[in-house]
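First up is the structure itself, then whatever we jot down about it.
The values are calculated or read from the model by the stated rules, or taken from the named source; none is laboratory data. The structure presented is a predicted model; accordingly, all values stated were derived computationally and were not measured. Every residue, glycine among them, receives a Cβ derived from its backbone with ideal geometry; neighbour counts consider all protein chains shown. Keep in mind that these areas ignore ligands, DNA and RNA; they rest on the heavy atoms of the full protein, side chains included. Shrake-Rupley method; radii C 1.70, N 1.55, O 1.52, S 1.80 Å.
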Amino acid sequence: MATAASSTPSTSSSLPSSSAARAVASLAAAAAASDHSIAEAEAEAEAYEKTHVHGVYEAIAPHFSATRYKPWPAVADFLHAQPPGAIGLDVGCGNGKYLGVNPNVFMLGSDRSSALVGLAKARVQSLQGGRDGSGPEVAPAGGTGVADAASSGKSKNKNKNKGQASVGGEATTDVTPTTTRPDSGAAIGNDVLVADGLSLPFRDCSVDFAICVAVIHHLSTRARRQDAIRKLLKCVRGSEAKAGSGKVLVYVWALEQGNSRRGWDEGGEQDLLVPWVLKSPKPQQPKQPKKQRKKTHKEEVVQGHNDQDAAIAAAADANKSGEHSPIPTPTPAISTGEGGVIAGGGDANGSCGGDDHTDSVFERYYHLYRKGELEEDVLAAGGAVLASGYERDNWWTVAANEPSPSGPA
């Protein structure tokens with residue numbers, strides 16, 4: 001699969017994001033052009049995402065997964081608010097860190113990356129193999145307000161970047177006090193499969209809830225982002241089906257990240273290529289020889305006498321057998337200037353070679369959502385906004401299907 005790798009010996013903190021505005025404008029123009037079919041425009045957008053999204057995650061999957069190990073408290077709250085026995089989806093599940101957060105629901109995870117799905121499957125098997133109560137660590141109930149906001153229909157915007165360490169909108173370390181819930185442990189059932197978020201293999205109105213965390217912002221046109229939300233809404237049952245069902249939680253990166261190290265903020269570029277640095281292992285250096293302790297004068301004299309006695313004895317034995325061996329001449333020791341010596345010259349440290357190695361840099365496409373844009377996309381997709389807010393450099397919304405004009409579904 002194609003990737004967007006380049007070689008540069010830089011670190012992630014020193015690499016700025018680059019604009020993707022021209023590429024995105026070209027994709028939008030292709031979609032609007034009269035001589036372009038919808039299929040052709042979609043193919044161009046898909047090709048762009050294959051290079052700058054799908055191919056990247058295939059290449060960085062193990063490294064990426066290692067930085068995504070703790071559920072976000074707000075998402076965990078939403079999952080724990082679901083009733084026992086509910087069936088839900090995690091679209092764009094990555095390594096499956098949200099599967100098993102609530103052991104009383106059944107979840108199906110899906111992701112476009114087969115490499116990440118492989119990691120998620122391993123996690124699911126681990127959960128299902130040991131029902132010992134050692135489930136994933138999550139925040140205490142009521143710690144974030146997303147589930148409460150969805151229930152009350154109110155938006156709760158958290159203080160930006162309070163109590164968190166984030167990387168361009170992705171929290172890498174959760175510093176919120178956490179605890180293990182009494183009911184945490186292996187989920188009653190989870191499964192995971194490879195699937196495209198724009199072509200989900202699930203039946204319409206078949207699940208009670210869905211989550212889609214840090215996924216939709218990877219789609220390169222607004223029409224595709226709205227279609228992804230529409231596909232999520234089609235999967236969940238109508239909001240009147242039963243209490244607590246039919247809700248979709250969506251998280252996307254925010255443009256307004258003025259307090260983060262990235263410095264993105266209102267009025268800035270929304271379409272970016274954000275670098276991910278995959279560190280290459282440094283070549284191992286040969287072991288340095290142990291420094292020899294300098295012998296005292298007495299030790300040198302004793303050693304010299306011992307060597308001479310051994311040589312004389314060897315010569316005597318040789319004379320007895322008719323062979324003549326010369327007394328060995330000591331090889332001069334050459335100082336290395338660093339407290340060590342080598343015999344007969346040469347390289348005291350061996351051939352170390354250079355320290356040249358490069359890190360691979362992958363550029364991931366992101367659309368940074370401005371305030372209110374996610375709600376607009378939900379409405380354009382035919383959904384209703386139950387709650388919305390800002391959390392951890394992300395905008396989030398809880399959406400549901402609009403009630404049918406003819407009555408409950």
ask   = Quick check: anything in segment 194-204 buried (at least 21 other Cβ atoms within 10 Å of the Cβ), over 14 Å from residue 93 (Cα atoms) and touching a helix residue (DSSP H, G or I) at 6+ places or on another chain (Cβ under 9 Å)?
value = no
ask   = Is there any pair linking a residue in segment 23-34 that is free of Cβ contacts under 8 Å to residues at least 40 places away in the same chain to one that is open to solvent by less than 30 Å² (accessible area, probe 1.4 Å) and not acidic (Asp, Glu), with Cβ under 9 Å and at least six apart or on different chains, and which?
value = 30/41; 30/45; 32/41; 33/41
message = If the requirement is being of a type outside the set (Phe, Trp, Tyr), touching a helix residue (DSSP H, G or I) at 6+ places or on another chain (Cβ under 7 Å) and closer than 30 Å to residue 25 by Cβ, which of these qualifies: 41, 59?
response = 41
key: So residue 249, is it at pLDDT 95 or above, within 18 Å of residue 78 (Cα to Cα) and outside any strand (DSSP E or B)   = no
query = Can you tell me which residues in segment 68-111 are over 15 Å from residue 194 (Cβ atoms) and hydroxyl-bearing (Ser, Thr, Tyr)?
reply = 69, 98
ask   = Looking at segment 191-209, which of the residues that are farther than 20 Å from residue 57 by Cβ and in contact (Cβ under 8 Å) with a residue 60 or more places away in the chain is nearest to the chain's Cα centre (by Cα)?
value = 191
inquiry  = Under 6 Å between Cβ atoms, which residue pairs at least 6 apart in sequence (or on different chains) link something in segment 388-400 that is open to solvent by less than 10 Å² (accessible area, probe 1.4 Å) with a partner that is hydroxyl-bearing (Ser, Thr, Tyr)?
reply    = 389/155; 393/166; 393/260; 394/251; 396/251; 397/388; 400/239
Number of positions in segment 257-271 that are closer than 14 Å to residue 16 by Cα and either open to solvent by 50 Å² or more (accessible area, probe 1.4 Å) or touching a Cys at 6+ places or on another chain (Cβ under 7 Å) (or both) = 2
remark   = The condition of being without any contact (Cβ under 8 Å) to a residue 60 or more places away in the chain and in contact with a Phe, Trp or Tyr (Cβ under 9 Å, 6 or more places away or on another chain) holds, among 97, 50, only for 97
remark   = For segment 34-69 the number of residues that are open to solvent by less than 30 Å² (accessible area, probe 1.4 Å) and in a loop (DSSP other than H, G, I, E, B) is 1
task = Being surrounded by 22 or more Cβ atoms within 10 Å (Cβ to Cβ) and either modelled with pLDDT under 95 or outside any helix (DSSP H, G or I) (or both) is the filter here, so list the residues in segment 220-237 that pass it.
result = 220, 236
